[in-house]
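Just so it is clear, none of the values below were taken in a lab; they were calculated from the coordinates. Not measured: the values here are computed from a predicted model. Here the Cβ is made from the backbone with ideal geometry for all residues, glycine too, and neighbour counts use every protein chain on show.
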Amino acid sequence: MILDYLILALHSLRHRKLRSWLTVVGIIIGVAAIISLITVSRSLESTIQEQFEQFGANRILISAKGFQGPGTLSQSLTTKDVETIEKISGFEYVLPALFRNGEVKHRGETSFTLISGLPADSFEQFYADMGVELDQGRTIQEKEKYTAIIGSRVAKEMFSRDLSVGSKIIVNKGEFRVVGIVEEIGNAQDDNQITISLETAREIFNEPERVDTIIAQVKSTSDIPLLQEKIERELERKRRDTNFQVLTASQILEQINQVLGVMQVVLVGIAAISLLVGAIGIMNSMYTSVLERTKDIGIMKAIGARNSAISQIFLIESGLIGLGGGIMGVLLGTGLAFLLGSFSQQAGFLLIIKIEPMVLILGLLFAFVIGMVSGILPAYQASRLKPVDALRYE
Amino acid sequence: MTPLIKLENAHKIYHLEGVDVPAVNGLSFTIHQGDFVALMGPSGSGKSTAMNLVGCLDVTTIGAIYLGNQNTKNLSESDLAQIRGKKIGFIFQTFNLIPSLTALENVALPMLFQQVSRRQRLQKARKLLEMVGLANRWQHLPNQLSGGQRQRVAIARALVNDPEIILADEPTGNLDTKTGNEIIKLLQELHKQGKTIILVTHNPELTKQATKVIQLRDGKVVGG
Ligand SMILES: Nc1ncnc2c1ncn2[C@@H]1O[C@H](COP(=O)(O)OP(=O)(O)O)[C@@H](O)[C@H]1O
Ligand SMILES: [Mg+2]
């Protein structure tokens, strides 16, 4: 019976004017917002999770306060701080890293990109721990100078001629030989990176002392909180300031999740408002529909339709309008999510959009229910019409 | 024998801007199974109001209407809908088809409200369309049909739940004489098959075929 009412409702929808469909715009926007929001934030979460798994839970990062990531200028960590941390036991290794934006030249073309410097004797192990795979060539060896490992985009896109193992590049006036090319990682920042040994980085950037980030690999994950505290205490004692921060993977994750949480609250608010507007739109359109079809209601009652049948038909109809808006919203939302994904990728942040069927189905169901709910009052009004009065309506 | 329909001092009073309009004003008559009633009277004499009361589309202000032994005054809206769906077939002057549905769907619709399966509905609706001579018009929408054809669709729809009573309120009022006569013939055919028919008409010719003539004036039976 419900199926038959559905067919009846479909019939009447087919005869409705385009204008009445415009009222679902709110539902479309609301559902699109929800779908894109959920998709993006879940994709973001899983991307970050994956990246941190790659990064490793066994790592503590020490950087100067205000240092927001590779590429920005840090205040002042030095090799002294590295020594301070190395004296604490419990680490597998402690790596000082230097990050600078550098000028890169190849056959007369110039480009700018992030240059990272890591101690030459630690490449092998660090790359293994990070899960970095080389597409071509090898890592930098101990004591080696003026060699570089380049990202896949540096090799393929940065210059009009592709670079390969053995190519020569000039970084800040120093000539480097490419010894390895990293497999494509998928985000612009990593793939555009050039990694050289810390020793050479100090020479070309003229930074004999400075360290941007200290990466401390712990032996056992369970020691992390304790070691973090120790690092903080020791650094504070030696440096006599607190111009540094000590971060663990889980803390960084927490921070990102906090930002995500705020973003979600804002977007949920927007989605809720547009859904409310959409619901009011559907309600309004259903009242119009009831009015337009007063005569039909009279006819149906005259041939035996009970009040419940009339209200069911109208409820299904408004549910279908909601569903229609939901379908468009899901499409729009999915498209939006992919768009955001590709924007963020262009901006250098890896975001792999994963479409979850369950989220889409829930979105549709939600839109259908909202449609139904907004149809309750109009449907009730329709069902209460007196048959004679409805029949007389022209 | 219990009459099929019995009106006892039925009143229907409309209130228009503080004035009481007694559309039906103390109406009493009985109709038996198998009757062909011609309900006559000048315009505004209360014929349609009386039909609506008999057909349970409306309820009396005062007085009672019995269908068989059932006093319709005591029934709920849902029960009245059941009676309209099962016992009564309406034929209106303005056809009253649903414009968004095809002829076949219009005819099948009353069965939907009686929980008949889709297959059975379509089967029955086809059969009835065939009976009224519209077998090849089943896909047409009402506005693609002539007046006479629309009224035939309405008749098929009125018959689809095998009602005992057919109420036809000026069914030929919007039709030319020839088409109107064909519709009347169809009603006479139904009467022969045993249906009880109440026909509102202005045509005195038809009183000859009727088993009973009721004349209304000012909401009352003339001479009653
Ligand atoms: N819904 C209504 N509201 C007010 N007056 C009505 C209504 N329906 C009918 N009437 C009045 O009741 C009287 C009888 O109407 P009706 O039964 O339609 O007469 P008939 O069908 O014999 O022409 C008329 O005076 C008409 O104006
Ligand atoms: Mg009338």
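By the beta-carbon count within 10 Å of each Cβ, the least crowded to most crowded order of A:129, A:162, fewest first, is A:162, A:129. Dipole orientation for the protein assembly as shown: of the candidates B:190, B:108, B:60, B:190 has the Cα lying most toward the positive pole (charges on Cβ; Lys, Arg +1; Asp, Glu -1).
Against chain A, whose longest principal axis is taken from its Cα atoms, helix A:307-346 shows a tilt of about 20°. Per residue of B:73-82, what is the mean number of Cβ atoms on other protein chains within 10 angstrom of that residue's Cβ? For peptide B:73-82, the averaged partner shielding equals 3. Neighbour counts of other Cβ atoms within 10 Å put B:14, A:287 in the fewest-to-most order B:14, A:287.
Of the cross-linked pairs A:87/A:238; B:185/B:208; A:295/B:220; B:73/B:195, which ones have a Cα-Cα span greater than 18 Å in the structure shown? From the list (A:87/A:238; B:185/B:208; A:295/B:220; B:73/B:195), the Cα-Cα distance tops 18 Å for A:295/B:220; B:73/B:195. Calculated from the alpha-carbon coordinates, the range B:40-164 shows an Rg and a Dmax of 15.8, 47 Å respectively. The trypsin sites (Lys or Arg not before Pro) of the range A:227-324 that DSSP puts in a loop, and whose beta carbon has at most 11 other beta carbons within 10 Å, are A:240.
Measuring between their Cα centroids, the range A:137-195 and the range B:62-139 lie 82 Å from each other. Shape of chain A from its Cα gyration tensor (a ≥ b ≥ c, root eigenvalues): rounded if a/c is under 1.5, otherwise prolate when a/b > b/c, or oblate? Prolate, because a/c is 1.5 or more and a/b exceeds b/c.
Amide hydrogen proximity for residue B:216: with H placed 1.01 Å from N in the peptide plane, the residues at 5 or more positions away or on another chain lying under 5 Å are B:40, B:41, B:222.
Rounded to the nearest 20 debye, the dipole magnitude of chain B is 780 debye, with +1 charges on Lys and Arg beta carbons, -1 on Asp and Glu beta carbons, and the Cα centre as origin. Near residue A:35, once Lys and Arg are set to +1 and Asp and Glu to -1 for all other residues with Cβ below 14 Å from its Cβ, the sum equals +1. Across the range B:212-223, computed HN-Hα scalar couplings (Karplus, 6.51 cos²θ - 1.76 cosθ + 1.60, θ = phi - 60°) run 7, 10, 10, 9, 10, 8, 6, x, 10, 6, 5, x Hz from first to last residue, x flagging Gly and Pro. For the range B:128-204, just say rounded, prolate or oblate: build the C-alpha gyration tensor, square-root its eigenvalues into a ≥ b ≥ c, call rounded for a/c under 1.5, and beyond that prolate if a/b exceeds b/c, oblate if not. Note, shape of the range B:128-204 comes out oblate. Charge dipole of the protein assembly as shown (Cα centre as origin; +1 on each Lys and Arg Cβ, -1 on each Asp and Glu Cβ, all else neutral): 3340 debye, rounded to the nearest 20. The local environment of residue A:356, defined by Cβ-Cβ distances under 15 Å, has a net charge of +1 under the rule Lys, Arg +1 and Asp, Glu -1.
Using C-alpha pairs under 8 Å with a sequence gap of at least 6, the mean separation divided by the residue count of the range A:66-242 gives a relative contact order of 31 percent.
With contacts taken as Cα pairs under 8 Å and at least 6 residues apart, chain B reaches a relative contact order of 30 percent. Our analysis of the range A:66-242 gives Rg over Rh at 0.99, with the two radii drawn from alpha carbon positions and Rh computed by the Kirkwood formula.
Taking amide H atoms as placed 1.01 Å from N in the peptide plane, the amide H of residue A:92 lies under 5 Å from those of A:217, A:218, A:219, each 5 or more residues away in sequence or on another chain. Taken one residue at a time, the phi angles of the range A:114-129 give Karplus couplings (6.51, -1.76, 1.60, θ = phi - 60°) of 7, 10, 10, x, 10, x, 4, 7, 10, 4, 3, 5, 5, 5, 5, 5 Hz. Gly and Pro are set to x.
Taking every DSSP beta bridge that has both ends in the protein assembly as shown, the antiparallel portion is near 70%. Kirkwood analysis of chain B, using all unique Cα-Cα pairs, places the hydrodynamic radius at 17.9 Å. Compared with the dominant Cα axis of chain A, that is its longest principal axis, helix A:357-384 is turned about 30°. As a rough footprinting exposure proxy, the listed residues A:126, A:314, A:343, B:92 were ranked by other beta carbons within 10 Å of their own, and the order from fewest upward is A:343, A:126, B:92, A:314. With contacts taken as Cα pairs under 8 Å at a separation of at least 6 residues, chain A carries a relative contact order of 29 percent. Charging the Cβ of each Asp and Glu at -1 and of each Lys and Arg at +1, and nothing else, the dipole of the range A:228-274 about its Cα centre rounds to 220 debye.
With a 10 Å cut-off around each Cβ of A:304-311, the average count of Cβ atoms from other chains is 6.
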